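Scroll down for the structure; my scribbles are underneath it.
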Amino acid sequence: MQHCEHPENAPEYEGLKVNKGIEQPAAMNPDIHNRLKNIKKTVLTTDEYVEGILKGDINILSQAITLVESAREDHKNVAQELINRCLPSIGKSVRIGITGVPGAGKSTFIESFGKYLSSEGHKIAVLAIDPSSERSKGSILGDKTRMEELASDPRAYIRPSPSAGSLGGVARKTREAMFLCEAAGFNIILIETVGVGQSETAVHSMVDFFLLLQIAGAGDELQGIKRGIMEMADTIIINKADGSNIQRAELSQSQLQTALHFFPPHESGVEPKVMTASAYEKRGIKEIWENILCYCSKTQQNGYFDEKRGQQAKYWMYETINEQLRNHFYSKQKDAITVAEKKVLRNELSSFAAAFELLEGYFQDVSFRKNDG
């Protein structure tokens with residue numbers, strides 16, 4: 001067989017011909033590539049991290065958040081020290097959770113909302129929780145492409161969620177990233193959830209104001225997910241209220257406002273509102289911000305604002321304890337769990353007996369290590 005660049009052009013493949021492709025340009029400008037290769041990656045000290053964050057250095061902030069997201073033990077220790085040193089500078093922002101059914105226009109809304117806040121002189125950080133990342137091992141980097149205007153705004157910062165991990169772990173890291181953003185001077189934090197599910201509870205447990213985006217005429221198939229999330233919402237926005245959809249949006253607004261009256265009184269003492277908006281046409285955005293400011297003012301006056309933040313801090317303390325205990329147990333009992341699984345599958349041991357045996361073995365091991373040390 002005669003050697004040729006494309007095997008398809010060999011004589012035995014009569015009738016086939018593959019033309020030579022064009023030469024591909026370099027993936028990166030060679031000058032930039034060489035410059036980046038020559039840059040030595042410096043390891044920052046905790047003092048340098050803190051100083052950079054407090055100055056609002058975005059590059060150092062991003063590195064610090066990456067440190068928080070890292071699973072390495074040495075990184076965890078530095079990250080916790082970093083967060084503790086930043087604590088005096090946090091708590092001065094308004095934390096807003098944003099969720100909604102797929103197709104409700106969350107990204108468009110966040111971009112319109114963020115651009116409006118930026119024009120008012122605010123600094124905005126957009127963080128995201130992606131519970132699906134545990135399966136797909138992918139992060140929602142798409143946020144930066146869907147929010148092109150906001151991503152290029154010097155007063156805004158968009159950070160996707162960690163690329164993998166349990167929902168609890170991802171949520172905890174998002175909360176810690178929120179603290180670092182606050183220390184860096186961002187006075188409005190927007191936390192977005194992807195889709196509708198358990199992530200709403202996680203977001204609700206770290207924000208001051210919870211915003212639910214809906215669309216008019218979504219159909220009865222969504223009723224099952226509305227109840228629990230609607231009870232958490234401080235305001236419901238009927239988005240895409242534009243063009244021929246305005247009338248339907250106003251009808252949905254009236255129906256939802258009536259439905260809210262059948263729910264238990266909101267624990268904040270402030271009655272939730274249903275509002276309409278068009279993120280695409282940038283209508284209703286100012287009124288939504290004014291509503292959020294009004295809510296924050298009322299809850300600060302009645303004491304609920306600070307009480308809720310205190311309860312959230314306690315909640316995350318227990319969540320972190322549970323997560324660390326669970327991780328430690330599974331890492332130390334890996335072999336024993338495999339043996340117990342086989343016994344359960346062969347009906348040699350009940351599920352409950354297997355669980356108690358594993359726990360007993362774990363506690364004995366922990367006790368032995370403690371006494372031995």
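A Cβ distance below 9 Å, combined with a sequence gap of six or more or placement on separate chains, defines the contacts here; from region 101-120, residues that are in contact (Cβ under 8 Å) with a residue 40 or more places away in the chain and over 12 Å from L212 (Cα atoms) reach no residue that is surrounded by 23 or more Cβ atoms within 10 Å (Cβ to Cβ) and among the aromatic types (F, W, Y).
Just one of the listed residues (S166, S161) is at pLDDT below 90 and crowded, with 17+ Cβ neighbours inside 10 Å, and it is S161.
For region 47-72, a tally of residues being under 16 Å from E176 (Cβ atoms) and acidic (D, E) returns 1.
Acidic (D, E), out of contact with any His (no Cβ under 9 Å at 6 or more places or on another chain) and at pLDDT 90 or above: does that describe D242? No; evaluated as a whole, the condition is false for this residue. Sub-6 Å Cβ pairs linking a first residue in region 73-88 that is within 15 Å of F179 (Cα to Cα) to a second residue that is at pLDDT below 95 and acidic (D, E), at least 6 apart or interchain, are I83/E176, ordered by first then second residue.
Please go through region 53-82 and give me each residue that is of a type in the set (S, T, Y) and either under 17 Å from E323 (Cβ atoms) or in contact with a Cys (Cβ under 6 Å, 6 or more places away or on another chain) (or both), ordered by number.
S70
The values are calculated or read from the model by the stated rules, or taken from the named source; none is laboratory data. Just so you know, these numbers come straight off a predicted model, no measurement behind them. Here Cβ is always computed from backbone atoms with ideal geometry, including for glycine, and neighbour counts include all displayed protein chains.
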